[in-house]
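S.K.: Dumping the structure here so I can ask a few things about it.
The values are calculated or read from the model by the stated rules, or taken from the named source; none is laboratory data. The shown structure was predicted, so the numbers you read here are calculated from the model rather than taken from an experiment. Cβ placement follows ideal geometry from the backbone for every residue including glycine, while neighbour counts extend to all protein chains displayed.
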Amino acid sequence: MPTYANNRKAFHNYSIEDTLEAGIALSGHEVKSIRSGNVSLAGAYVTIRNGEAFLRNAHVGKYKQAGILPGYDETRERKLLLHRNELLRLTNQLKEKGLTLVPLEIYTSKRRLKLKVGLAKGKKQYDKRESIKRKETMRKIDRATKVRI
């Protein structure tokens with residue numbers, strides 16, 4: 001299950017409440033481009049419109065061996081494949097709690113490309129500082145307890 005793209009900024013800017021797996025509707029050369037590692041989730045987000053979920057602003061570069069692709073938009077919106085009950089649950093949660101949907105990673109599952117989507121709540125500046133301090137103290141503890149031979 002190789003991972004092709006991570007959204008590391010999402011864990012810094014948001015606290016992830018819940019995650020779910022979604023398929024992505026892609027064209028053939030986009031699949032090959034993602035498998036070659038030419039994808040970025042930086043600045044990407046998920047919207048729900050008319051009962052359908054879309055991945056927006058994700059960069060999937062051109063596949064180099066595909067030849068000329070006239071009018072190809074690298075950051076076009078791509079449809080996410082979710083069950084109807086998952087979409088209804090997500091729309092209800094987004095309306096109630098002030099949460100947002102953030103793409104976390106793109107990976108393969110049984111030869112299919114999947115997108116891990118996180119239901120996230122935005123962090124305040126002091127929450128970000130607190131999580132950084134917590135990580136630094138854990139690193140110091142790990143370094144101190146590490147046995148050197």
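S.K.: Return yes when Gly118 is part of a loop (DSSP other than H, G, I, E, B) and either touching a helix residue (DSSP H, G or I) at 6+ places or on another chain (Cβ under 9 Å) or at pLDDT 90 or above (or both) and no when it is not.
M.R.: Here the answer is no, as Gly118 does not meet what is asked.
S.K.: Let me confirm something: among Val102, Val60, which residue is surrounded by 15 or more Cβ atoms within 10 Å (Cβ to Cβ) and either closer than 19 Å to Tyr14 by Cβ or small (Gly, Ala, Ser) (or both)?
M.R.: None of the others qualify; the one that does is Val102.
S.K.: Going through region 16-65 one residue at a time, which ones are polar (S, T, N, Q), over 21 Å from Arg84 (Cβ atoms) and assigned to a loop (DSSP other than H, G, I, E, B)?
M.R.: Of everything in region 16-65, those that are polar (S, T, N, Q), over 21 Å from Arg84 (Cβ atoms) and assigned to a loop (DSSP other than H, G, I, E, B) turn out to be Ser27, Ser36, Asn38, Asn57.
S.K.: Also: Considering only region 91-111, state which residues are under 23 Å from Asn57 (Cβ atoms) and under 16 Å from the mean Cα position of the chain (by Cα).
M.R.: Leu99, Thr100, Leu101, Val102, Pro103, Leu104, Glu105, Ile106, Tyr107, Thr108
S.K.: When you go through Ile48, Ile24 one by one, which is the residue that is over 16 Å from Glu105 (Cα atoms) and at pLDDT 90 or above?
M.R.: Working: Ile24 fails: over 16 Å from Glu105 (Cα atoms).
Only one candidate qualifies: Ile48.
S.K.: All but one of (1) of a type in the set (A, V, I, L, M, F, W, C); (2) within 12 Å of the chain's Cα centre (by Cα); (3) modelled with pLDDT under 90 hold for Leu41; state the number of the condition that does not hold.
M.R.: Result: Leu41 fails condition (3) only.
S.K.: Say we look at region 14-49 and pick out the residues that are among the hydroxyl-bearing types (Ser, Thr, Tyr) and touching a residue at least 24 places away in the same chain (Cβ under 8 Å); which of these is surrounded by the most Cβ atoms within 10 Å (Cβ to Cβ)?
M.R.: Restricting attention to region 14-49, the residues satisfying the condition of being among the hydroxyl-bearing types (Ser, Thr, Tyr) are 14-15, 19, 27, 33, 36, 40, 45, 47.
Still in the list and also touching a residue at least 24 places away in the same chain (Cβ under 8 Å): 14-15, 19, 33, 36, 40, 45, 47.
Numbers: Tyr14: 20, Ser15: 12, Thr19: 13, Ser33: 22, Ser36: 13, Ser40: 18, Tyr45: 16, Thr47: 15.
If we take residues in region 14-49 being among the hydroxyl-bearing types (Ser, Thr, Tyr) and touching a residue at least 24 places away in the same chain (Cβ under 8 Å), then Ser33 is surrounded by the most Cβ atoms within 10 Å (Cβ to Cβ).
S.K.: Follow-up question, since we're still on this one. Being surrounded by 15 or more Cβ atoms within 10 Å (Cβ to Cβ) and either among the polar types (S, T, N, Q) or in a loop (DSSP other than H, G, I, E, B) (or both) is the filter here, so list the residues in region 78-90 that pass it.
M.R.: Correct list: Leu82 only.
S.K.: Taking region 91-115, which residues are part of a helix (DSSP H, G or I) and either touching a His at 6+ places or on another chain (Cβ under 6 Å) or among the aliphatic types (A, V, I, L, M) (or both)?
M.R.: Leu94
S.K.: Has region 59-69 got any residue that is within 14 Å of Leu115 (Cα to Cα) and of a type outside the set (Ser, Thr, Tyr)?
M.R.: Keep residues of region 59-69 that are within 14 Å of Leu115 (Cα to Cα), which gives 59-60.
Narrowing the set further to residues that are of a type outside the set (Ser, Thr, Tyr) leaves 59-60.
Yes, that holds for at least one residue.
S.K.: Answer with yes or no whether Glu105 is more than 16 Å from Lys32 (Cα to Cα) and touching a residue at least 24 places away in the same chain (Cβ under 8 Å).
M.R.: Values: more than 16 Å from Lys32 (Cα to Cα): yes; touching a residue at least 24 places away in the same chain (Cβ under 8 Å): yes.
Yes: the conditions hold for Glu105.
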